[in-house]
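Asks: Supplied in structure tokens, the structure appears directly below.
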Amino acid sequence: MKKVSIVVPIYNVEKYLGQCLESLCKQTLQEIEILCINDGSTDRSKEILEEYQKQDSRIVVIEKPNTGYGHSMNVGLDRASGKYLAIVESDDFIAPDMMEQLYQEAEHTGADLVKSNCYFYRDKPKEENQFVNIFGELPTRELICPINLPEIFLKLQTIWSGMYRREFLVENQIRFHETPGASYQDVSFSFQVYACATKVWLVPEAYYYYRTSNLTSSVKAPNKVFCICEELEKINQFIEERGKEEEALKRIASRLGYRVLLESYHGLASAFQYALFLRMVEYLKSYKEKGYLDDPIWDKKAIEEVEKIRKNPNQYFMETAKSFADERIKDKNSPALNNKIYGKAVLKEVLESEKVMIYGAGKIGKEVVTYLMEKNYPKQSLCFVVTTKEGNPSYIEGIPVLEIGQCGEWKEAMVVVAVKEQSQFEILQRLEHMGFNKMVVVDPLVWQEIKENKERER
């Protein structure tokens, strides 16, 4: 039996893959296997893997179609044969003694998980390492039972800076959620690990170099807006199926949910923020109603923020969204961004789309069409869509009105959700389930820009 199986998920990372593999091959712990899961890469990743495999027989290359990060990780979990399992992202690298040091700590303590700190690594504009204390005030080199120290659940989900006892993962059926792309799967995986583990050992040293200068990001992808919500639902499903410490784990999950939802909201491109924001408001309402905010794991600052969002969501949105305007229209020499830029950014997304589908044929939808026509958007590339044709005309000002079930040929269109706020969340969910992945919402800031444009045109 190998001492450690290292799982390396790979997708189009030719620029960094060599450095990653080099660091794995140079580990002082020799009894390892390096499982490289190539997720249908279209660049030179496959060729690089083959080159290194010829040099080191411990490298095992597993080729598969592009099915996403979660599926790649589960393939790696299933193929692993080592006593312990480690995860290394293919654009990162590790210190030569990482596997040996963590293996010794695991063997000495009998821990389910041994976890170390890490470095944030940048190679531009100059090469630098920043030590990151992931654990804060949590005790190190002391066996921890996470359910008795729930603060550990809230720490950075660095699944790659640790070593897991593989039998522990198998016995507890801990798996990755197979959502599309690399989108927050570490959240539910980490939660499962901490919920099931009775012995966690934290190591203050850092061995892992997490690359922060890789600018390939998924936050501008419309189909990833709700991925964090899927992870939270995965966590709730896990808690209910587990049936142990259910109430305590749900309270912990609520506090974690608030943190990751807020992080995801701030990280999204401006055109997609409001869609997630509406969903976040629903989660916070639920946490309040269930009494989770009374738990000591909720600090005063977080509770105050939640109440601010709940009491006046539109005001909160208008105050916070402005800092995350679309980068493509941002003047890098300008002072702080303002509300108007946000609305313009969203509408710019729409105007740049080849086809636009307006969900809603009422006042809001008609105002959107008026705006687009004033900007010389071609009428033949527009349509209205409604939930039911009953009571609606077949055309409005020469633009067809379609029932949602008739919109198969418009799947690649940008969908503008132009209905009242209370209906937006349900419609976004429905569109997502139907396979639409380009969606924006007429939120307060977008509506403000439309109205101001109308005034300017007069």
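The numbers here are math on the coordinates, done by the rules we state, and not lab data. Nothing here was measured: the structure is a model prediction, and the numbers come from that model. Methodologically, a virtual Cβ is constructed for each residue, glycine included, from the backbone with ideal geometry; neighbour enumeration extends over all protein chains shown.
Asks: Stokes-Einstein diffusion coefficient for segment 66-199 at 25 °C in a medium of 0.890 mPa s, Rh from the Kirkwood formula over Cα pairs: what value in µm²/s? Walk me through the numbers on the way to the answer.
Replies: On the way: Rh = 15.9 Å.
D, rounded to a whole number, is 155 µm²/s.
Asks: If you don't mind, another one. Taking H placed 1.01 Å from N in the peptide plane, check which residues at least 5 places from GLU403 or on another chain put their amide H under 5 Å from its amide H.
Replies: VAL386
Asks: Mind jotting down the three principal axis lengths of segment 1-73 based on Cα atoms? Whole angstrom, largest first.
Replies: Each principal axis gives a Cα extent; for segment 1-73 these are 32, 22, 17 Å.
Asks: Sticking with this one: When SER254, SER161 are ordered from fewest to most other Cβ atoms inside 10 Å of their Cβ, what list results? Mind dumping the intermediate values first?
Replies: Details: SER254 24, SER161 27.
Going from sparsest to densest Cβ surroundings: SER254, SER161.
Asks: Now a separate question. Packing-wise, with mean Cβ within 10 Å as the measure, how do 61-71, 398-408, 3-13 rank, highest first?
Replies: Details: 61-71: 16.8, 398-408: 14.4, 3-13: 23.5.
Ranked from most to least packed, the peptides come out as 3-13, 61-71, 398-408.
Asks: Explain nothing, just compute: Karplus ³J(HN,Hα) = 6.51 cos²θ - 1.76 cosθ + 1.60, θ = phi - 60°, for every residue of segment 225-242 in order, whole Hz, x for Gly and Pro.
Replies: Each residue of segment 225-242 in turn: 4, 9, 4, 5, 5, 4, 5, 5, 5, 4, 4, 4, 4, 4, 4, 5, 6, 5 Hz.
Asks: Right, here's the next one. How many nm separate the modelled label positions at GLN130 and LYS379, each set 7 Å beyond the Cα in the direction of the Cβ?
Replies: Those two pseudo-labels are separated by 5.4 nm.
Asks: Could you state the angle between the C-alpha long axis of helix 339-351 and the longest principal axis of the C-alpha atoms of the chain, as a value from 0 to 90 degrees rounded to the nearest 10?
Replies: Orientation of helix 339-351: about 80 degrees from the principal axis.
Asks: Could you tell me the extents of the chain's C-alpha atoms along the three principal axes, largest first, rounded to whole Å?
Replies: Sorted from largest, the Cα extents of the chain read 75, 53, 46 Å.
Asks: I need the Kirkwood Rh of segment 341-457: take the reciprocal of the average 1/r across all distinct C-alpha pairs and report it in angstrom.
Replies: Hydrodynamic radius (Kirkwood, Cα pairs) of segment 341-457 is 14.2 Å.
Asks: Mind checking the angle between helix 444-457 and the chain's longest principal axis? C-alpha axes, 0 to 90 degrees, to the nearest 10.
Replies: Helix 444-457 sits at roughly 40 degrees to that axis.
Asks: When the Karplus curve 6.51 cos²θ - 1.76 cosθ + 1.60 is applied with θ = phi - 60°, which whole-Hz ³J(HN,Hα) does each residue of segment 110-120 get, with x for Gly and Pro?
Replies: x, 6, 6, 9, 10, 10, 10, 6, 8, 10, 8
Asks: Turning to a different aspect of this structure: Whole percent per 10 Å bin, from 0 to the bin with the longest distance: what is P(r) over all C-alpha pairs of segment 364-425?
Replies: All Cα pairs considered, the percentages come to 19, 56, 25, 0.
Asks: Could you state the per residue volume, in Å³, of the convex hull enclosing the Cα atoms of segment 222-324? Write out the running numbers ahead of the final one.
Replies: Working: hull volume 9.0 nm³, N = 103.
It comes to 87 Å³ per residue, whole-number rounded.
Asks: Arranged by the count of other C-beta atoms within 10 angstrom, fewest first, what order do LEU102, LEU24 take? Don't skip to the answer; put the middle values down first.
Replies: On the way: LEU102 28, LEU24 23.
Ranking LEU102, LEU24 by Cβ neighbours within 10 Å, fewest first, gives LEU24, LEU102.
Asks: Something else now. Contact order normalised by length for the chain, with contacts defined as Cα pairs under 8 Å and 6 or more residues apart; what percent is it? Write out the running numbers ahead of the final one.
Replies: Working: 767 pairs, mean separation 54.6, N = 458.
This gives 12 percent for the chain.
Asks: What does the highest-first list of 288-298, 258-268, 357-367 look like by mean Cβ count within 10 Å? Intermediate values should be presented prior to the final figure.
Replies: On the way: 288-298: 14.3, 258-268: 18.7, 357-367: 20.5.
Top of the packing list down: 357-367, 258-268, 288-298.
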